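The values are calculated or read from the model by the stated rules, or taken from the named source; none is laboratory data. Just so you know, these numbers come straight off a predicted model, no measurement behind them. So basically every Cβ, Gly included, is an ideal-geometry build from the backbone, and we count neighbours across all protein chains shown. What goes into the accessible areas is simple: the full protein's heavy atoms, side chains included, and nothing from ligands, DNA or RNA. Shrake-Rupley method; radii C 1.70, N 1.55, O 1.52, S 1.80 Å.
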Amino acid sequence: MRHLILFLFSFLVVTSCIAQKQNIMKTFDIKNFKKNIKGLDYQFIDKDSSIVIQNESQLEYRETIQPKNSFFHTINLYHKSGKLKTTYQIYPDLFLKGVRKEYDEQGNLVKETDYDAPYKFTWENVLKLIKERKIDMSHEQFQVNRSFGFGTENIGKETEKPFWAVTYGVNGREKLNVIIIDGVNGSIIKEYLEDYPAGGDYDDE
């Protein structure tokens, strides 16, 4: 009898946890979106002062959340049923941060991709370096990106290593400064100057 009671108690606890997870699963308010959409999207200010932009495509609903005083946006994609499909954070138009999660139409988590995993020298470390160097992050040409490459095990042989690239301008100078940082140990791989982009686009290295 005691074992039965313990089993029932454990079952109720697990069931309760599952129910709570299902209840807190973020969903898209389709009715409110349809009511408020103007033109191609619906934009509003959330209760925490975030800017929220919602729109619809043939296959899904998309929501971009821009928190106040944050470098990153949250992107939520929803199935046509309104259930969450994919969620991730992005440094606008440049790179994904953290864990990207994907769900099926029943709300089950089917895939997780940790975009931070290769970067032992983290975003917070990069931000600290930027502040130590007193780089003007408000400059119109300031940007941070990350990718793979720039590693050289042997002369002339490039390896696939994670790196950060910080690009910034200094008022009164005709060139942009670029710092390439090892994404694992934080060492400076190289620094150089480059021309301002024509038409606002950066040329690929």
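A few notes on this one:
- Leading residue by the ranking (farthest from Gln89 (Cα to Cα)) among those in the stretch 31-68 that are open to solvent by less than 80 Å² (accessible area, probe 1.4 Å) and β-branched (Val, Ile, Thr): Ile37
- Meeting the requirement of 2 or more residues that are hydroxyl-bearing (Ser, Thr, Tyr), modelled with pLDDT under 95 and within 15 Å of Lys26 (Cα to Cα), no strands (runs of 3 or more DSSP E) wholly within the stretch 84-132 can be named.
- Selection count, the stretch 65-91, where residues are under 19 Å from Val144 (Cβ atoms) and more than 8 Å from the chain's Cα centre (by Cα): 5
- In the stretch 62-74, the residues that are among the acidic types (Asp, Glu) form Cβ pairs under 8 Å with partners that are not in a strand (DSSP E or B), at six or more places apart or across chains, as follows: Glu63/Phe28.
- Gln141 satisfies every condition listed in (1) part of a loop (DSSP other than H, G, I, E, B); (2) open to solvent by 90 Å² or more (accessible area, probe 1.4 Å) except (2).
- Search result, residues across the stretch 92-113 that are surrounded by 12 or more Cβ atoms within 10 Å (Cβ to Cβ) and within 12 Å of the chain's Cα centre (by Cα): Leu94, Phe95, Leu96, Lys97, Gly98, Val99, Arg100, Lys101, Thr113
- Of the numbered criteria (1) of a type outside the set (Asp, Glu); (2) modelled with pLDDT under 95; (3) buried (at least 16 other Cβ atoms within 10 Å of the Cβ), the one Ile179 fails is (2).
- For Ile155, the test of being more than 30 Å from Leu59 (Cβ to Cβ) and modelled with pLDDT of 95 or more is failed.
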